[in-house]
1. Could you check which residue among B:25, B:88, B:39 shows the biggest mean-square fluctuation in a GNM of chain B with a 10 Å Cα cutoff?
2. Tell me, what is the percent relative contact order of chain B, built from C-alpha pairs under 8 Å that lie six or more residues apart?
3. Could you compute the FRET efficiency for residue B:68 and residue B:105, with r as their C-beta to C-beta distance and R0 at 22 Å, rounded to 0.05?
4. Over chain A, what is the relative contact order in whole percent, taking alpha-carbon pairs under 8 Å and six or more residues apart?
5. Cα-based Rg of chain A per 2.2 N^0.38 Å, rounded to two decimals?
6. Taking 22 Å as R0, compute the FRET efficiency from the Cβ-Cβ separation of residue B:39 and residue A:52 and round it to 0.05.
7. Relative to the compact-globule scaling 2.2 N^0.38 Å, provide the ratio for the alpha-carbon radius of gyration of the protein assembly as shown.
8. Per 10 Å bin, what percent of the C-alpha pairs of the stretch B:1-103 does each bin hold, from zero upward?
């Protein structure tokens, strides 16, 4: 069982839809991450929040909008996505920058 | 910049065979090293880690030793099981703020009964 919970597990949306991915952890971790993973590839970092502030944006298109409402929650708001955005979206957390990251099971996103 | 190189896959072994997955790295400082495992349909799980030279990480029968002189962190297991079938990622992280995980390409291991 993972200690980082992601919902939904699967999401199918059209290119004009707006949806959100959610991530929750109750380990007291202060760093949280969003990754995108394509099939048979390693995860690619998208965003990092540290102490609820956005620390890193890896030049992600604005159709992806992260939000960290509190230290336990991380959201990824999606709008006007493209078919190439179909992927597994992974959330991770760590105690701080120097500690190992713990991953959720991901949301498998399909864009029609 | 930092990089991680893993041996090419996939790897197919019979149950109880010995496993070695090679991993070498390039880093500017003194990174921490990790092996992550991804089972089908799941996220990544931390398998083991090492934070300084000559450290040995171990978990679930897997071992890896941080070799600074050869910049390597090879993963080994003496006797694999069917349940070890998964994708294995070697990764590094520099210490300090804004440090990121740098992943290798990953290797798929299939263990047949």
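Quick note: the coordinates plus some simple rules give every number you see, no bench work behind them. Every value quoted in this text rests on a predicted model; they were computed, and no experiment measured them. Glycine gets a Cβ as well: all are built from the backbone with ideal geometry, and neighbour counts include every protein chain shown.
1. It is B:39.
2. On the way: 289 pairs, mean separation 40.4, N = 113.
Relative contact order comes out at 36 percent.
3. Values: r = 23 Å, r/R0 = 1.03.
After rounding to 0.05, the efficiency reads 0.45.
4. Numbers: 285 pairs, mean separation 42.3, N = 112.
Here the relative contact order equals 38 percent.
5. Numbers: Rg = 13.1 Å, N = 112, 2.2 N^0.38 = 13.2 Å.
Its radius of gyration relative to the 2.2 N^0.38 Å reference: 0.99.
6. Numbers: r = 31 Å, r/R0 = 1.41.
Efficiency for this residue pair is about 0.10.
7. 1.02
8. 15, 50, 29, 6, 0
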